[in-house]
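Since every read-out is calculated from the coordinates, none of them should be taken as a lab result. Small disclaimer: the values here were computed from a predicted structure and weren't measured. All Cβ positions, glycine included, derive from the backbone under ideal geometry; neighbour counts span all protein chains shown.
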């Protein structure tokens, strides 16, 4: 049984990461595929460009961003990607990679909690 983890994409990969999955809509600046070391890039699971622009990584908007992003995740179009992540987590750890500088206010935190709370992947 694996668990979900989050990590900035700019941090070095290590053996404890398990499956590394980039969950940003845009490829991180200055990063090569090798340096990212992701087994998958699920840009479709990231917040919509409109929501990202509205949020602007402003901490005071994080709670509303979280609610809006959760609504997007529950809309159904993310289901195949969520199921893929849950499937991997049955076998080993899954590290959700994100590029935001703010380690406390980003979509990977919301996605991780949603995956943990809404699924019985264990």
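For the listed peptides 53-64, 72-83, a ranking on the average number of other beta carbons within 10 Å per residue, highest first, reads 72-83, 53-64. Overall shape: oblate for the chain, with the ratio a/c of the largest to smallest alpha carbon gyration tensor axis at 1.5 or above and b/c at least equal to a/b.
Efficiency by 1/(1 + (r/R0)^6): what FRET value for residue 32 and residue 101, r their Cβ-Cβ distance, R0 = 22 Å, to the nearest 0.05? All intermediate terms of the calculation are to be shown ahead of the outcome.
On the way: r = 20 Å, r/R0 = 0.90.
E between residue 32 and residue 101, to the nearest 0.05, is 0.65.
Put in order of Cβ neighbour count within 10 Å, fewest first, the listed residues 69, 10, 114 become 10, 114, 69. For 43, 7, the sequence from fewest to most other C-beta atoms within 10 Å is 43, 7. Footprinting exposure proxy ranking of 102, 24, 93, fewest other C-beta atoms within 10 angstrom first, gives 102, 93, 24. Find how many whole Å separate the alpha carbon centroid of the stretch 75-113 from the alpha carbon centroid of the stretch 41-62. Answer, in whole Å: 14.
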